[in-house]
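Heads up: the structure comes next, in structure tokens.
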Amino acid sequence: RQTEIDDRLQSDALMDQTTLNQTAAEEFEMWDGLLNQIWGYLGETLPEEEMEALREVQIGWIRDKEASVKEAAADFEGGSIQPMIKNGSAAEITRKRVEELLDQYVR
């Protein structure tokens, strides 16, 4: 799906801002959904002590992600581009977390 989103963004350089905002939201929702799927899998497969330690790390990751997203979008507060910046930043951070969890626990 990421390839589809990237292709759509590259092939339609004249997208209006609303469509760009919706595409960024779709990208974030995709990565967030995958993160939740991985989290569910880990909850079923990891020993409880390891899962509890990972929960603590995840709480910190969520706090850091939210702060980074807020900072990335701060310069665009109230502007039509702000949702795209916010969701794009959240998507990128979440994609990296998905890759980390896959590398560490699944692959």
Top-ranked residue in the range 30-39 [being open to solvent by 40 Å² or more (accessible area, probe 1.4 Å) and without any contact (Cβ under 8 Å) to a residue 12 or more places away in the chain; ranked as farthest from Arg107 (Cα to Cα)]: Asn36
Modelled with pLDDT of 95 or more, of a type in the set (A, V, I, L, M, F, W, C) and open to solvent by less than 40 Å² (accessible area, probe 1.4 Å): does that describe Leu42? yes
Please verify whether Glu27 is charged (D, E, K, R) and surrounded by 18 or more Cβ atoms within 10 Å (Cβ to Cβ), treating the condition exactly as stated. yes
Inside the range 1-24, the number of residues satisfying the requirement of being open to solvent by 70 Å² or more (accessible area, probe 1.4 Å) and either among the polar types (S, T, N, Q) or touching a His at 6+ places or on another chain (Cβ under 6 Å) (or both) is 5
In this structure, is Arg55 under 25 Å from Ser80 (Cα atoms), free of Cβ contacts under 8 Å to residues at least 24 places away in the same chain and either open to solvent by 80 Å² or more (accessible area, probe 1.4 Å) or among the charged types (D, E, K, R) (or both)? no
Positions within the range 62-82 being over 27 Å from Tyr41 (Cα atoms), open to solvent by 50 Å² or more (accessible area, probe 1.4 Å) and not polar (S, T, N, Q), in sequence order: Lys70, Glu71, Ala74, Asp75, Phe76, Glu77, Gly78, Ile81
Return the residues of the range 88-107 that are within 25 Å of Tyr41 (Cβ to Cβ), among the polar types (S, T, N, Q) and open to solvent by less than 60 Å² (accessible area, probe 1.4 Å); say none if nothing qualifies. Thr94
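The values are calculated or read from the model by the stated rules, or taken from the named source; none is laboratory data. For clarity, every value in this text was computed on a predicted model and none was experimentally measured. Note that each Cβ is placed from the backbone with ideal geometry, even for glycine, and that neighbours are counted across all protein chains shown. SASA here: full protein model, heavy atoms, side chains in, ligands and nucleic acids out. Shrake-Rupley method; radii C 1.70, N 1.55, O 1.52, S 1.80 Å.
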